[in-house]
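Take a look at the structure set out below.
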Amino acid sequence: SEREELAREAIRLGRALAVLMPDEAEVHGLLALMLLHEARRPARLQDGEIVLLGDQDRAMWRGSVIAEGARILEHALTLGRAGVYCIQAAIAELHTQPETDWTEIAALYAELMRRTGSAVVELNRAVAVAEIEGPEAALALVDSLELDGYRYLHSTRADLLRRLGRDDEAAAEYRAALDLSHQEHERRFLERRLQDLAHE
């Protein structure tokens, strides 16, 4: 697909840049991040349907690409001056481990938030908080964010409300996310979530 071709080209350019700038940690961190994300690509969509990270078939992940990304990240960290790309790559690498260390992921997102001030980063931290402290704590964090109109805020909030048994509120949030989404595979995923709620 066009997206896969763009990813391959970005990785090719990343490799070239790493050769030209061997002492720049963030260059290697960005390359590691791209490789770690690309390694999981085959498992992200099945028959045109989104498969969430926790439900993906890890046998479909490209182990050699994960190993390469992890090696490059380790090298980047030895260079010092690790920045936001190295942090993001470290989070991606933790997601490839057999047991997900949500506490470490939450800590890395907190550091990323400190450096960027991004509410989207804080939304991602809320997902980790839900795994550590439960959906109620995560929902309080999500509700403090000024991201109205951002579809992933609504879908995240919907999932937390569903886990809390607040199905009517969850359905409203899924519908809000659906209204904001223009990608067909995302729309199918959200519609399936709504159907699941209706049958619970």
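Quick rundown of the values:
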quantity	calculated
ARG114 versus ARG41: modelled label distance in nm, points set 7 Å from Cα along the beta carbon direction	3.4 nm
1.4 Å probe accessible area per residue over segment 1-109, in Å²	56 Å²
Amide H within-cut-off set for ILE50, under 5 Å, with H built and near neighbours excluded	PHE189
Residue-level accessible surface for HIS95, protein heavy atoms, 1.4 Å, Å²	30 Å²
Most to least packed among 100-109, 51-60 [average Cβ atoms within 10 Å]	100-109, 51-60
Proximal charge balance of ILE72 [Cβ under 13 Å; K/R count +1, D/E count -1]	-4
Under the Karplus curve 6.51 cos²θ - 1.76 cosθ + 1.60, θ = phi - 60°, whole-Hz ³J(HN,Hα) for segment 130-143, x wherever Gly or Pro sits	4, 6, 8, 10, x, x, 5, 5, 5, 5, 4, 5, 4, 5
Pairs of alpha carbons in segment 1-98 whose separation is greater than 23 Å (percent)	25 percent
Dipole magnitude of segment 1-87 about its Cα centre (Cβ charges: Lys, Arg +1; Asp, Glu -1), debye to nearest 20	180 debye
Rule-of-thumb Rg ratio for the chain [Cα; 2.2 N^0.38 Å; N residues]	1.09
Förster radius 41 Å - calculated FRET efficiency between ALA140 and VAL19, Cβ distance, rounded to 0.05	0.30
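The values are calculated or read from the model by the stated rules, or taken from the named source; none is laboratory data. These numbers come from a predicted model, not from an experiment. Neighbour counts are summed over all protein chains in view; Cβ atoms, including those assigned to glycine, are modelled from backbone coordinates with ideal geometry. Heads up: the accessible areas ignore ligands, DNA and RNA and are worked out on the full protein's heavy atoms, side chains in. Shrake-Rupley method; radii C 1.70, N 1.55, O 1.52, S 1.80 Å.
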